[in-house]
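Visitor: One structure is given below, represented as structure tokens, and several questions about it will come after.
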Amino acid sequence: MKPANEIELSEVIRGANGPLRIVGGGTRAIGPLNAGEVLETGALSGISLYEPGALTIVAGAGTPLSEVEAELAKGGQRLPFEVPDLRGLLGRDGASTIGGVVSANAAGPRRIQAGACRDSLIGVRFVDGVGTIMKNGGRVMKNVTGYDLVKLLAGARGTLGVLTEVAFKVLPRPEVEATLTLDGLDPTAAVTAMAQALGSPFEVTGAAYLDGQVCLRIEGMAGSVAYRSAALVKLLGAGWDVADAAHSAKLWSEIRDMTPFVGKPGAVWRISVKPSDMPQVLATLNEAQTLCDWGGGLIWARVPDVNDAQAVTLRACLAALGGHATLVRASDSVYATTPAFHPEPAGLAALSASLRAKFDPRGILNPVGMG
């Protein structure tokens, strides 16, 4: 099913007799595919408003992400949160949609400075699980429920409603960027260096650790970037190299899109922890290739795709630390016994169930695994 507009979408959902699997571009689903009839949102497409002076863009949920980014580029602007392209990592084709970005609350390395997708999202329109058209936030949208639906819908993966339109605040594109790198650091030294950089006044927009190397990005006007790069090197000490704009852009696109893992076998975890806990989590993993982003707060780990892909050990470690892990890629045999999403604490699980009962009382929207 591919409804042509919001009214048709409402009618489809209202008349549904069973589960619906919500599909935008089909590029961001995690875990086994949800049960149910496929409901595509690709026809809900098009940019309805772009005001560069107001730093605002509004688009249909089915609008390709590339179309949104191209339009913003014409105005010298961009989405603040640096959307990752995980098609290579997940073995997907198709075109990512802006609604899918919101549903996954996607965000790349710049999250440490600009926040996640939900932090730039200012308005949504969607259809809930009984077919009611709802809206919240934005320039002319009104809160009709008492909930902050803008925050709730971002990251809900279609379980609370099917997005039809999204509105964002955007930011100017920086003039240049540069990246400081230092090799040969162990995890403890790396997280210390990243914390020192992020705690400085020099506006670091990327802090990552891979293959023993720390990478720190600075963006902005050319003169400012040159000054802040030099000042950061002085603060951190000798030994840092400074990559120019071209090399910096290539490096961060590879970190953003998980290029080091593409084409390599294994299960892949996406782990969220306090940055200071990064060394302990890395020590827990066996035979792992890792890439740490967000100053150590986000760990990507590629491990052998056997048994439970180290889920029991990893999640026990994270339970003690207050983190969580999502199994974003694995074989069917691993997924058969290992949930893709981290088990929720009892209180949070009850709250989540209550919200889903409110917005989807029949439980028909992406009901299995939230993939």
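The values are calculated or read from the model by the stated rules, or taken from the named source; none is laboratory data. Bear in mind that the values here come from a model prediction, so they are computed numbers and not experimental data. With ideal geometry, Cβ positions are generated from the backbone for all residues, glycine too; neighbour counts draw on all protein chains shown.
Visitor: Every residue in the range 118-134 that is surrounded by fewer than 17 Cβ atoms within 10 Å (Cβ to Cβ) and of a type in the set (Ser, Thr, Tyr), please.
Guide: Thr132 - this is the single residue of the range 118-134 that is surrounded by fewer than 17 Cβ atoms within 10 Å (Cβ to Cβ) and of a type in the set (Ser, Thr, Tyr).
Visitor: Hey, among the residues in the range 30-39 that are closer than 21 Å to Asn105 by Cβ and buried (at least 17 other Cβ atoms within 10 Å of the Cβ), which one's nearest to the chain's Cα centre (by Cα)?
Guide: The selected residue is Ile30.
Visitor: More than 20 Å from the chain's Cα centre (by Cα) and among the β-branched types (Val, Ile, Thr): does that describe Ile299?
Guide: Against the criterion (more than 20 Å from the chain's Cα centre (by Cα) and among the β-branched types (Val, Ile, Thr)), Ile299 does not qualify.
Visitor: Restricting to the range 100-129, give me the number of residues that are of a type in the set (Asp, Glu) and touching a helix residue (DSSP H, G or I) at 6+ places or on another chain (Cβ under 7 Å).
Guide: Counting residues in the range 100-129 that are of a type in the set (Asp, Glu) and touching a helix residue (DSSP H, G or I) at 6+ places or on another chain (Cβ under 7 Å) gives 1.
Visitor: Consider Glu165 against the criteria (1) touching a helix residue (DSSP H, G or I) at 6+ places or on another chain (Cβ under 6 Å); (2) assigned to a strand (DSSP E or B); (3) assigned by TED's automatic domain parsing to the domain that holds Arg110; (4) not basic (Lys, Arg): it satisfies all of them except one. Which criterion is unmet?
Guide: (1)
Visitor: Can you name every residue in the range 296-315 that is touching a Ser or Thr at 6+ places or on another chain (Cβ under 7 Å) and either over 30 Å from Thr205 (Cβ atoms) or outside any helix (DSSP H, G or I) (or both)?
Guide: Listed by number, the residues that qualify are Gly297, Leu298, Ile299, Trp300, Ala301, Asp305, Asp308, Ala309, Ala311, Thr313.
Visitor: Would you please list the contacts, defined by Cβ atoms under 8 Å and residues six or more apart or on different chains, that run from a residue in the range 265-290 that is touching a residue at least 12 places away in the same chain (Cβ under 8 Å) to a residue that is assigned to a loop (DSSP other than H, G, I, E, B) and of a type in the set (Lys, Arg)?
Guide: Gln289/Lys264
Visitor: Still on this model: Give the residues of the range 326-349 that are surrounded by 11 or more Cβ atoms within 10 Å (Cβ to Cβ), more than 27 Å from Gly88 (Cβ to Cβ) and without any contact (Cβ under 8 Å) to a residue 24 or more places away in the chain, sorted by residue number.
Guide: Glu344, Pro345, Ala349
A quick yes/no check of all residues on (1) assigned to a strand (DSSP E or B); (2) touching a residue at least 40 places away in the same chain (Cβ under 8 Å); (3) not assigned by TED's automatic domain parsing to the domain that holds Gly220:
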residue: Val58; (1), (2), (3): yes, yes, yes
residue: Glu67; (1), (2), (3): no, no, yes
residue: Pro80; (1), (2), (3): no, yes, yes
residue: Asp85; (1), (2), (3): no, yes, yes
residue: Gly88; (1), (2), (3): no, yes, yes
residue: Ala95; (1), (2), (3): no, yes, yes
residue: Val101; (1), (2), (3): no, yes, yes
residue: Arg118; (1), (2), (3): no, no, yes
residue: Val150; (1), (2), (3): no, no, yes
